[in-house]
Amino acid sequence: MDNTPLSDALALRATASAFDAQRGKLPMPGDPHRSPDVAAVARQISELGKLVTDLGDEVLFRAADQDHAPHTARVITSFAAAVEPAGEAASALGAVAHQLAFLNQTESLRDQPDARDAREAAVRVMEEALATAGAALHDGANSLHAASATVSPPSARLQAARSRSVTASPAPGAPPGVTTAPAAPSDRIARGR
């Protein structure tokens, strides 16, 4: 097994991207392209189950390796900690599936006052569960991204590019609220010579 800081950082980033992808698939009530339905939610629960299995495999492969690199414990901890938000998202989606099934069963009763109140409550529970799933997946992705940066920090070139991005600071003596333009990348200047 290749357990260099770079390969482990890439594995952490790839898993963080899987969390982001799952968050992007969450149903959104009121959006005709991403409206919740039981089959789609059940499919996503299965995908989250696979993600939990993948996290367990990442931990197992590193824990079973006899040749631990100095950073391996951090990587194992990060993958193991990501199981919780993945499980929380799957559990929340289980609640969404439950509420969707209830809404489907009570569709014919929607005009009755008692059923209407229960259906409105089911929609609120479903919206809260979707928010919980989204927050859990977001937290899991952020945690994995942060862990990858501690295992293999970004290159000096990437850090320099980030420092020149949107957060350019005002020039000395410039009036408040005026920012300077980012410096031209050095490789452009070099190519022109």
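Being in contact with a His (Cβ under 8 Å, 6 or more places away or on another chain) and either charged (D, E, K, R) or more than 30 Å from ASP8 (Cα to Cα) (or both) holds for only one residue in ARG62, ARG74, ARG43, ARG116, and it is ARG62. Which of the residues spanning the range 53-67 are under 17 Å from the mean Cα position of the chain (by Cα) and open to solvent by 50 Å² or more (accessible area, probe 1.4 Å)? Result: THR53, ASP54. Do you know which residues across the range 76-102 are open to solvent by less than 40 Å² (accessible area, probe 1.4 Å) and of a type outside the set (A, V, I, L, M, F, W, C)? Correct list: SER78, PRO85, GLY87, GLY94, GLN99. Quick one: is ALA141 buried (at least 18 other Cβ atoms within 10 Å of the Cβ) and at pLDDT 95 or above? So ALA141 fits the description; yes. Residues considered: SER46, SER7. Of these, the only one that is within 26 Å of VAL151 (Cα to Cα) and free of Cβ contacts under 8 Å to residues at least 12 places away in the same chain is SER7. Based on this model, can you work out whether ALA183 counts as more than 27 Å from HIS71 (Cα to Cα), at pLDDT below 60, outside any helix (DSSP H, G or I) and open to solvent by 40 Å² or more (accessible area, probe 1.4 Å)? In short, yes. Of the residues making up the range 10-34, those that are more than 17 Å from THR77 (Cβ to Cβ), open to solvent by 50 Å² or more (accessible area, probe 1.4 Å) and touching a residue at least 60 places away in the same chain (Cβ under 8 Å) number 6.
All conditions in (1) closer than 30 Å to ASP2 by Cβ; (2) without any contact (Cβ under 8 Å) to a residue 24 or more places away in the chain hold for GLY87, with the sole exception of (2).
Here is the figure for the range 20-52: residues that are within 19 Å of the chain's Cα centre (by Cα) and outside any helix (DSSP H, G or I) total 4.
The values are calculated or read from the model by the stated rules, or taken from the named source; none is laboratory data. Every value quoted in this text rests on a predicted model; they were computed, and no experiment measured them. FYI the Cβ positions are ideal-geometry reconstructions off the backbone, even for glycines, and counts take in every protein chain you see. Surface areas here come from the heavy atoms of the whole protein model, side chains and all, with no ligands, DNA or RNA. Shrake-Rupley method; radii C 1.70, N 1.55, O 1.52, S 1.80 Å.
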